[in-house]
Amino acid sequence: MEVLAGKLFPFRGAIVRRLDKASRELLLPEGGRAIDFSRPAGEPALGAPASVAWRIFKNPVVTYIGGVTAVILELAEPRVRTGVWKHSGFRHDPLRRLRRTGLAAMVTIYGARSTAETMIAGVRRMHDRVRGETPCGEAYSANDPELLNWVQATAAFGFLQAYHVYAAPLTLAERDRYYRDGETAAKLYGATQPPRSEAELEALFQAMRPRLEASPIIFEFLHIMRTARLLPPLLQPIQPLLARAAVSLTPSWVRGLLGLGDEYGLRAWEGGLVRQGSALADRIMLESSPAVQACIRLGLPANYLYKGSDDA
């Protein structure tokens, strides 16, 4: 981290301002006003500020990588894959989908509880209309608890692993606490049995293993994540690197099953670069970020989640 930080130090102020601006733009709702994470004053979120999730989701590099990992795993399940690819605009407007997904994640973690519950209820209503058949004739519904268990579990896994591997190692106790703390939100989304520990997550992965399969859609998704202009211009050159970092987080047996060979993962030296960037991002406080604004809402210092960082 010291090497990367040293190279960027002369430009730190300009970089932070540009990242802060990009962060605000990424979280703008479609056709609506930006959500004010600093209001209503004093209203708690679904999870506590001391939770592991609050530490993880403040890191934009981690959330980007973890989100890609989660989608790779989601798309490996044919019913989820068909629903996502057929009923969302990701294929034709990935930036719009990325913004909606990112905003939903931030509201779920940092939003006032009333705001998060309202948004999640809206997502559930939207999912009521998402149903159909896979190319093999298998019926699916977006609000099927089995599929929601998988989607919630893969999302939790992706974000946690990205932080644990690339930003800062977490103990097993912290990782288990993360899964337990996520149960409330997962059940609001409709999951009936979200994993409550790393052991339960592994059991779910093994139970779903016979259902997972390779698909050209997964390679199309990765091509989009490597080449579409999804990040601010400053960060677009590293998009392919972040996509490979996401592939490398998936379990090796999943990569083998999906046909994601070594060329889709990180080289040794690239892993070090991603870790440096992720650790640096964990120390940079963006004033407009939902994490900072949520701390202000609860009467905590703006740098509460950045203690010990350069901004503390």
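Key figures for this structure:
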read-out	value
Contacts under 8 angstrom Cβ, first residue in region 114-128 being of a type in the set (Val, Ile, Thr), partner in a helix (DSSP H, G or I), 6 or more apart	Thr115/Val107; Ile120/Thr108; Ile120/Ala185; Ile120/Leu188; Val123/Ala104
Among (1) among the aliphatic types (A, V, I, L, M); (2) touching a helix residue (DSSP H, G or I) at 6+ places or on another chain (Cβ under 7 Å); (3) in a helix (DSSP H, G or I), the one test that Ala302 misses	(3)
Selection from region 71-113 of residues that are within 22 Å of Leu305 (Cβ to Cβ) and assigned to a helix (DSSP H, G or I)	Thr101, Gly102, Leu103, Ala104, Ala105, Met106, Val107, Thr108, Ile109, Tyr110, Arg113
Residue tally, condition part of a helix (DSSP H, G or I) and either touching a Leu at 6+ places or on another chain (Cβ under 7 Å) or loosely packed, with under 13 Cβ neighbours inside 10 Å (or both), over region 125-138	2
Test result for Pro29, exposed (fewer than 14 other Cβ atoms within 10 Å of the Cβ) and either modelled with pLDDT under 95 or assigned to a loop (DSSP other than H, G, I, E, B) (or both)	yes
Exclusive hit being touching an Asp or Glu at 6+ places or on another chain (Cβ under 9 Å), surrounded by 14 or more Cβ atoms within 10 Å (Cβ to Cβ) and not acidic (Asp, Glu), set Ile217, Ile238, Ile284, Ile296	Ile284
Scope region 153-174; condition touching a residue at least 40 places away in the same chain (Cβ under 8 Å), part of a helix (DSSP H, G or I) and surrounded by fewer than 17 Cβ atoms within 10 Å (Cβ to Cβ); matching residues	Glu174
Answer residue from region 189-203, given it is surrounded by fewer than 19 Cβ atoms within 10 Å (Cβ to Cβ) and in contact with a helix residue (DSSP H, G or I) (Cβ under 9 Å, 6 or more places away or on another chain) and is nearest to Ala45 (Cα to Cα) among those	Arg196
The lone exception for Pro233 - which of (1) without any contact (Cβ under 8 Å) to a residue 40 or more places away in the chain; (2) surrounded by 21 or more Cβ atoms within 10 Å (Cβ to Cβ); (3) not in a helix (DSSP H, G or I) it fails	(2)
Of the criteria (1) at pLDDT 95 or above; (2) of a type outside the set (Ser, Thr, Tyr); (3) over 15 Å from Ala142 (Cβ atoms), which one Val80 fails	(3)
Of all residues making up region 175-186, the number that are in contact with a helix residue (DSSP H, G or I) (Cβ under 9 Å, 6 or more places away or on another chain) and surrounded by fewer than 16 Cβ atoms within 10 Å (Cβ to Cβ)	0
Test: residue in region 240-256 that is over 29 Å from Ala203 (Cα atoms) and either part of a helix (DSSP H, G or I) or in contact with a helix residue (DSSP H, G or I) (Cβ under 9 Å, 6 or more places away or on another chain) (or both)	yes
Test for Leu266: is it more than 18 Å from the chain's Cα centre (by Cα), under 28 Å from Gly89 (Cα atoms) and among the aliphatic types (A, V, I, L, M)	no
Cβ pairs under 7 Å, 6+ apart, first in region 55-71 and in contact (Cβ under 8 Å) with a residue 12 or more places away in the chain and within 15 Å of Gln152 (Cα to Cα), second surrounded by fewer than 24 Cβ atoms within 10 Å (Cβ to Cβ) and aromatic (Phe, Trp, Tyr)	Val71/Phe221
Residue match in region 139-150 (condition: among the aromatic types (Phe, Trp, Tyr) and either over 23 Å from Glu220 (Cα atoms) or crowded, with 20+ Cβ neighbours inside 10 Å (or both))	yes
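The values are calculated or read from the model by the stated rules, or taken from the named source; none is laboratory data. This one's a predicted model, so the numbers in the text were calculated from it and none came from an experiment. Every residue, glycine as well, gets a Cβ built from its backbone with ideal geometry; the counts of neighbours run over all protein chains shown.
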